[in-house]
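Down below is the structure, laid out as structure tokens.
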Amino acid sequence: MYLVDSHCHLDRLDLPALGGTLDAVMARAESLGVGRMLCVSINLEHFPEVLSLAHRYDHVYASAGVHPSERDGAEPGVEELATLANDPKVIAIGETGLDYFYNEGDLEWQRERFRRHIAAARETGLPLIVHTRDSQEDTLKILEEEGARQVGGVMHCFTGDWETAQAAMDLGFYISFSGIVTFKNAAPLREVAKKTPLDRILVETDSPYLTPVPYRGKPNQPAYVHYVAEQIAALHDIPLEQIARQTTENFNRLFGLA
Ligand SMILES: [Zn+2]
Ligand SMILES: [Zn+2]
């Protein structure tokens, strides 16, 4: 079996709780069939570390971008993002998007940052990793306005309703489910996951955050994408192996990997 964790933050894992080293984390992932992972950039300050992890491990890829909730670091320009992304192991622009949950006041700066990421994605031809929280309408509007359908991408850690999922898929986006889909109170999200066509689904951990059941409350790690995939397989009433194969194919198609 071969699974992909389409979204994790390897540079933020709680290593002392996970065997002490990244090699231990990788061994655990391998033991649960996780063969590839995308380590997602959150700010420019930590991008070099993210990229070096992708260079250190053959099966780890990187993205270039600044998270919508990052306020203290450097503000990325279009050319700067395109330059950072100019590396064979960088396969996406993000994570970017809008987060109206953690941020208050006039959020025009967030929308401007999002627009610059989409411009960089179009310039480089790389797909987008989109984070959206309490901001579905503006997120879809800006994706549409800035021509994001030219490059496509993924709505990561999806928690929206079916209408939002459909609108994103109409723009050529994939829907990525995280450990949230295993949470007891997530019945509405499970309904969305059930309706989402198999050829549009990705799975992720967003580790170190959002640890799936049965490890909820413990530190998350890429290996646990196994439990997310298991939940999706159950919802679609198909074997785990089929979900693994399908989501891996989807990942490779979206990010242009063999
Ligand atoms: Zn996110
Ligand atoms: Zn993330």
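Read-outs throughout are calculated quantities, based only on the coordinates presented, and are distinct from any laboratory measurement. If you're wondering where the values come from, they're calculated on a predicted model, not measured in any experiment. No Cβ is skipped: glycine too gets one built from the backbone with ideal geometry, and neighbour counts run over all protein chains shown.
For region 151-258, max minus min Cα coordinate along each principal axis, in Å, sorted largest first?
For region 151-258, the Cα spread along each principal axis is 36, 32, 26 Å.
Which of the chymotrypsin sites (Phe, Trp or Tyr not before Pro) found in region 28-121 are in a DSSP loop and have at most 15 neighbouring Cβ atoms, other than their own, within 10 Å?
Phe101, Tyr102
As a check on your grasp of the helix formula, calculate [θ] at 222 nm for the chain: sum -39500 (n - 2.57) over DSSP H runs of n ≥ 4, divide by the residue count, round to the nearest 500.
So the calculated ellipticity at 222 nm is -12000 deg cm²/dmol.
Take the Cα coordinates of the chain, assign each an equal point scatterer, and use the Debye formula without solvent to give log10 I(q)/I(0) at q = 0.10, 0.11 Å⁻¹.
Those come out to -0.43, -0.53, one per q.
Only Lys, Arg, Asp and Glu count, each charged at its Cβ (+1, +1, -1, -1), so figure out the dipole size of the chain about its Cα centre, rounded to 20 debye.
Using Cβ point charges on Lys, Arg, Asp and Glu, the chain gives about 780 debye.
With contacts defined as alpha carbon pairs under 8 Å and 6 or more residues apart, what's the relative contact order of the chain in percent?
Contact order relative to length: 21 percent.
Sort Met169, Met26, Met37 by Cβ crowding within 10 Å, fewest neighbours at the top.
Sorted ascending by nearby Cβ count, the order is Met169, Met26, Met37.
Sorted from fewest to most neighbouring beta carbons within 10 Å, what does the list Ser31, Ser207 look like?
Final ranking by Cβ density, sparse to dense: Ser31, Ser207.
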